[in-house]
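Colleague: One structure follows; several queries about it will come next.
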Amino acid sequence: MRRRSQSGKGFTSSCPSVKTRHEEVGEKLLNPEDLYELDTDLPEMTGPVLLHSLDGFVDAGSTGQLVREHLLEALEHRVIARFDVDSLIDYRARRPAMTFDRDHWASYDAPELVVRLLRDDVGSPFLMLSGPEPDRLWEGFTRSVVHLVKKLDVGLVVGFHGIPMGVPHTRPVGVTSHATRPELITRNTWFDKVQVPGSAAGLLELRLGEAGHDALGLAVHVPHYLAQSAYPAAAVAALDQIVAATGLVLPNERLREAAAATDADIAEQVDGNAEVEKVVRALEQQYDAFAGAAERDSLLAESQDMPTADELGAQFERFLAEQEGPDSAP
């Protein structure tokens, strides 16, 4: 493949005839550089941070999406690497949008899986990998990212997304952190050992650790009754943790304003409704009981008299749906 960025910068893809430490994926042997093209015009960077957030896996509250969009809107950036989406994406599973204009096809919304170079508020360069999570060739993709990390001398890789939890919106947003070294973890852990469906981001962190690179993951706790809605407070928490872990100087004013507006809207919907207030109080009781007892490993209450978090969340979701229905008061 050969492409050029919109800025006109050249990309190069090296495919040596002798392949080393490659893997068999299906019927094809892949060198790490086979799956991406790298801009030839790169600034000098010493140990830059690489952020990553991919669409397609769990992202409660659109946490990762909000952070990505905020950074791209607020900071200078350009694409420096492109991955071969034709090899990585199953188009029939996630069909890209096309526009039909009267009597012809006018445009095609091609997916992009790219690494961008950004600069923070003091001009320090950092990188961000974003786009759709690959449907296939996970090992080839992670090998390529690890290769890029080494090639660009990346000092720390940080992933972030939101996860639904049985927590109330009236308490501070929690974060579960995990890393390739215990020294990188600065937040309390909320889990012991658990088996979950895999993700390309999770596999990337695992492979980075095996290759001796520092990688950190941030899972922001989103009230599960708000998991399907944009929840800016979770994005603020993610950004705060990114800043704390990396030392980058990143703007957050617009996210904080959006979070305050969203929180006020939720409070307005809840205020004065006795049933919903009872739901929130019960979730607060569960949260406070967990926070006050370090030995507990779950946010679900142990009391047999208290509804489960799912039952409480279902009540809250029904209430919110009623507020948006045709019979709602103006």
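Colleague: Here are L203, L283, L216, L250: which of them is part of a helix (DSSP H, G or I) and either basic (K, R) or modelled with pLDDT of 95 or more (or both)? First the steps, then the outcome.
Modeller: Working: L283 fails: either basic (K, R) or modelled with pLDDT of 95 or more (or both); L216 fails: part of a helix (DSSP H, G or I); L250 fails: part of a helix (DSSP H, G or I).
Only one candidate qualifies: L203.
One line per residue, one yes/no per condition, for (1) modelled with pLDDT of 95 or more; (2) under 27 Å from R143 (Cα atoms); (3) part of a strand (DSSP E or B); (4) aromatic (F, W, Y):
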position: A81; (1), (2), (3), (4): yes, yes, yes, no
position: A93; (1), (2), (3), (4): no, yes, no, no
position: T99; (1), (2), (3), (4): yes, no, yes, no
position: E112; (1), (2), (3), (4): yes, yes, no, no
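Colleague: Mind counting the residues in region 219-234 that are outside any strand (DSSP E or B) and under 26 Å from E183 (Cβ atoms)?
Modeller: So the count comes out to 1.
Colleague: Suppose we filter L66, L42, L38, L30 for residues that are in contact (Cβ under 8 Å) with a residue 12 or more places away in the chain, surrounded by 11 or more Cβ atoms within 10 Å (Cβ to Cβ) and closer than 28 Å to A219 by Cβ; which single one remains?
Modeller: Of the residues listed, the single one that is in contact (Cβ under 8 Å) with a residue 12 or more places away in the chain, surrounded by 11 or more Cβ atoms within 10 Å (Cβ to Cβ) and closer than 28 Å to A219 by Cβ is L66.
Colleague: Okay, next question. Criterion first (at positive phi, in contact (Cβ under 8 Å) with a residue 40 or more places away in the chain and among the aliphatic types (A, V, I, L, M)) does L129 satisfy it?
Modeller: Details: at positive phi: no; in contact (Cβ under 8 Å) with a residue 40 or more places away in the chain: yes; among the aliphatic types (A, V, I, L, M): yes.
For L129, the condition - at positive phi, in contact (Cβ under 8 Å) with a residue 40 or more places away in the chain and among the aliphatic types (A, V, I, L, M) - is not met.
Colleague: Can you confirm whether R171 is outside any helix (DSSP H, G or I) and not β-branched (V, I, T)?
Modeller: yes
The values are calculated or read from the model by the stated rules, or taken from the named source; none is laboratory data. This one's a predicted model, so the numbers in the text were calculated from it and none came from an experiment. Backbone-built Cβ (ideal geometry, glycine too); neighbour counts: all protein chains shown.
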